[in-house]
Amino acid sequence: MNIVVCVKYVPDATADRQFESDNTVDRVGVDGLLSELDEYAVEQALQLREKREGEDIEITALCVGPEKAVDAIRKALQMGADKGVHVVDDAIAGSDSVATSLVLAKAREKIGAEKKVDLVMTGMASTDASMSVIPAMLAERLELPQVTFASVVESQGEVFRVRRDGDTATEIVEGRLPMVLSVTDQTGEARYPSFKGIMAAKKKPLETWALSDIGVEADQVGLSASWTAVEGTEARPPRTQGEIVTDEDGSGATALVDFLASKKFI
Amino acid sequence: MRFEPTSEQRDFVSSLDRLLAGSDTVAANRAWSDGDTGPGATLWQRLAEQGVNALVVAEESGGMGASDVELVLAHELLGRYAVPGPWAEVAYLSHALADAEALAALAEGELATVAVAPHTPYAVDGAAAAAVYVAEGDRLHRAAVSGGVESVDRSRRLATVAVGEALRTGDLERAFDTAVLATAAHLLGAGERVLADTVDYVKQRRQFGREIGSYQAIKHQLADVRIALDFARPLVHGAALAAPADRARDVSAAKAAAADAAYLASRVGLQCHGAIGYTQEFDLSLWLTRIRALVSAWGTPAFHRRRVLAAVLPAASR
């Protein structure tokens, strides 16, 4: 089985978020890492391989991003993925999810041209843009069924059965390979790269492709070709001190109720 | 010569740091101190899977074949997070054991400990260990736990041992220096943690209408700790790169400096915390007692200073 896991390089969520002059996220000047939500996808791919011992399962980590984004691939390789593909091209900067999904789909096609890809895996969203739409767009472009937001993944042969935990219902969804599968952070803690994994990753194959390698024109991607653009950004206002209700004459409860009602909590 | 950690070493540290940060090591340490080795043993096994236990065991024996640099980086984190267990002892055994089977078990994460008189006469965590050894003369022996001794650090559960069958023995001098280096790194990490926690505390604790950290008397003390730790670190990292001929001298210098710095951190940390710092319930106590214990473990400061002196002034030792 051939699995492609899409991994995104995102700014470290614990650091300050910076934007470029065109309102795109600054991905070069800040510390970045493999999106935590994508770690779950890598983990599930690795667990799949461990569960299906004896099968020849190859895991490729695919990343679209600036040069530094190779760190995200390296992390996936350290966790245990077999090889990496990094699509890097200045023209891609500023791409929205529609454009990014095109690059991912074309890269996946090129990977598939060498060896059939059975499963494309992603996290449930990125930790920076939190759009959650890439799996669906990717499935559409690749004309594959999509099974998304899996919190439990089971498989037998070509059939995958997953649990989707929604707000109002839990669904059990079945899909057949080939397909696109996105997994949530409920699938289980992602492993930490071990010393062995880190040393082994140094020797794993890592390919770097430009847009021309995957047959995408520069004018199909980037900020100018994107369907959506960010018009402006604003820093979150500093936290203000909350309102303190002091109960001096027995009116405290009423004040509390009034407050909750004014915020539509009750 | 390269003095910066490689990107692999940095990745290893960050991976280990994240694992330990998410593992509630304080709870594991407290449970371990109370005799419940469950959480600590689980953590031990997880760290073994990460390769921490077998870093300096040769690859052909099932180890990682890493250098003392990785050992130092890992042990600094073990100290920072007060991870319970006989870590320096395992570092010792990595070189002291020559028996293939025993080494393989060690590399796989067996909880093993050793007593090395006169510097470490008791086997740390002997009762919890699956394998207990004792070094006597120039040989390593299996050992049986014969009793217990209390340590100032409740998470170090010391055991007296009875010597058993002699084993094929590796390089005991190298083993000792490795344990000393691991302890120095552990002290450095523990000192850093005490400093970090104390700096946090003095920024919160208010007295006479302002944070106590805004007083120069506090700032100066903490600055002294920062300087001591910053001057100890190059010695510890440098000793990891020492040529074999200088190793004894360099690890002794590292241990003496790291012990001084960590001990200063613990004294200043205790003073800045005030009365709460004395309580066993407050987490600071975990590091204060461990630092006190490790200052004398694997050779007292006086022993290590004598070794440095003997190396730089050969005549002085006569």
**Study point:** Within the protein assembly as shown, helix-based [θ] at 222 nm, where runs of 4 or more DSSP H residues each add -39,500 (n - 2.57), nearest 500
**Key:** -14000 deg cm²/dmol
Point to revise | Spatial separation of Cα centroids for the stretch B:143-172 and the stretch B:101-119, in angstrom | key: 10 Å
Exercise for review: Only loop residues by DSSP count here, and only those with at most 14 other Cβ atoms within 10 Å; note down the chymotrypsin sites (Phe, Trp or Tyr not before Pro) in the stretch A:175-236 that meet that.
Suggested key: A:W227
Exercise for review: Pop out the ³J(HN,Hα) list for the stretch B:104-115 in order, Karplus 6.51 cos²θ - 1.76 cosθ + 1.60 with θ = phi - 60°, rounded to Hz; leave Gly and Pro as x.
Suggested key: 4, 4, 4, 5, 7, x, 4, 6, 10, 9, 8, 10
Check your understanding: Can you give the FRET efficiency for B:S214 and A:A261, using 1/(1 + (r/R0)^6), R0 = 60 Å, r = Cβ-Cβ distance, to the nearest 0.05?
Key -> 0.90
Revision key, fill the gap. One would report the Cα pair-distance distribution of the stretch B:174-317, bin width 5 Å, in %, as 2, 11, 19, 19, 16, 12, 9, 6, 4, 2, 1, 0
Point to revise | Karplus 3J(HN,Hα) series, Hz, for the stretch B:170-177 with 6.51 cos²θ - 1.76 cosθ + 1.60 (x for Gly, Pro) | key: x, 8, 6, 5, 4, 4, 4, 4
Review point. Mind checking the angle between helix A:70-79 and chain A's longest principal axis? C-alpha axes, 0 to 90 degrees, to the nearest 10.
Key: 80 degrees
**Study point:** Kirkwood-based shape ratio for the stretch B:85-146, expressed as Rg/Rh from alpha carbons
**Key:** 0.91
Point to revise | Alpha carbon convex hull of the protein assembly as shown, volume per residue in cubic angstrom | key: 218 Å³
Review point. Gaussian network model of chain B, Cα springs within a sub-10 Å range: biggest mean-square fluctuation belongs to which of B:T42, B:T113, B:T178?
Key: B:T42
Study note, to complete from the structure: For chain B, longest principal axis from Cα atoms; helix B:216-240 axis from its Cα atoms; angle between them, nearest 10 degrees, is 20 degrees
Review point. Semi-axes, largest first, in whole Å: what does sqrt of 5 times each Cα gyration tensor eigenvalue give for chain B?
Key: 31, 23, 19
Review point. Within chain B, which is the longest segment containing none of the GluC sites (Glu not before Pro) that sit in a DSSP loop and have at most 11 other Cβ atoms within 10 Å?
Key: B:1-149
Exercise for review: Find the Cα radius of gyration of the stretch A:2-225, compare it with 2.2 N^0.38 Å by division, and give the number to two decimals.
Suggested key: 0.96
Practice item. Count neighbours as other Cβ atoms within 10 Å of each site's Cβ, and list the chymotrypsin sites (Phe, Trp or Tyr not before Pro) in the stretch A:1-49 that are DSSP loop with at most 11 such neighbours. Key: none
Study note, to complete from the structure: Given GluC sites (Glu not before Pro), DSSP loops and at most 11 other Cβ atoms within 10 Å, the longest exposed-site-free stretch of chain A is A:56-142
Point to revise | Over 23 Å between alpha carbons, listed pairs A:K51/A:K116; A:K51/A:K83; A:K51/A:K110; A:K106/A:K202; A:K8/A:K110 | key: A:K51/A:K110; A:K106/A:K202
Check your understanding: If you count the DSSP beta bridges with both ends in the stretch A:2-225, what percent of them are antiparallel, to the nearest 5?
Key -> 40 percent
Practice item. Return the long-range amide H neighbours of A:M131 (sequence gap of 5 or more, or a different chain), with a cut-off of under 5 Å between placed amide H atoms. Key: A:S126
Review point. Just how large is the dipole of chain B about the Cα centre, in debye to the nearest 20, putting +1 at every Lys and Arg Cβ and -1 at every Asp and Glu Cβ?
Key: 1360 debye
Revision key, fill the gap. Ranked on Cβ counts within 10 Å of their own Cβ, fewest leading, B:Y122, B:Y133, B:Y278 go B:Y278, B:Y122, B:Y133
Practice item. Write down the percent of antiparallel bridges among all DSSP beta bridges whose residues are both part of the protein assembly as shown, to the nearest 5. Key: 55 percent
Point to revise | Ratio of the Cα radius of gyration of the stretch B:50-108 to 2.2 N^0.38 Å, where N counts its residues | key: 1.05
Review point. Taking the Cα atoms only, what angle lies between the long axis of helix A:36-51 and the longest principal axis of chain A, rounded to 10 degrees?
Key: 50 degrees
Check your understanding: Taking the alpha-carbon centroid of each part, what is the distance from the stretch A:1-70 to the stretch B:1-32 in angstrom?
Key -> 21 Å
Check your understanding: If you take the C-alpha gyration tensor of the stretch A:5-69, multiply each eigenvalue by 5 and take the square root, what semi-axes do you get, largest first, in whole Å?
Key -> 31, 11, 7
Check your understanding: Stretched out fully, how many nm does the piece from B:F282 to B:D230 gain, at 0.36 nm a residue minus the Cα gap?
Key -> 16.1 nm
Review point. Can you list the residues, at least 5 places off or on another chain, whose amide H is less than 5 Å from the amide H of A:E58, using H built in the peptide plane?
Key: A:N2, A:I3
Exercise for review: Between B:R168 and A:S224, with labels modelled 7 Å along Cα→Cβ, what's the label distance in nm to one decimal, could you check?
Suggested key: 7.1 nm
Point to revise | Low-density loop positions, chymotrypsin sites (Phe, Trp or Tyr not before Pro), the stretch B:161-245 - DSSP coil, at most 16 other Cβ in 10 Å | key: B:F208, B:Y215
Review point. Could you give the distance between the Cα centres of the stretch A:136-172 and the stretch B:182-231, to the whole Å?
Key: 51 Å
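The numbers here are math on the coordinates, done by the rules we state, and not lab data. Computed from a predicted model, the values in this text were never measured in an experiment. Note: ideal-geometry Cβ built from the backbone for every residue, glycine included; neighbour counts use all protein chains shown.
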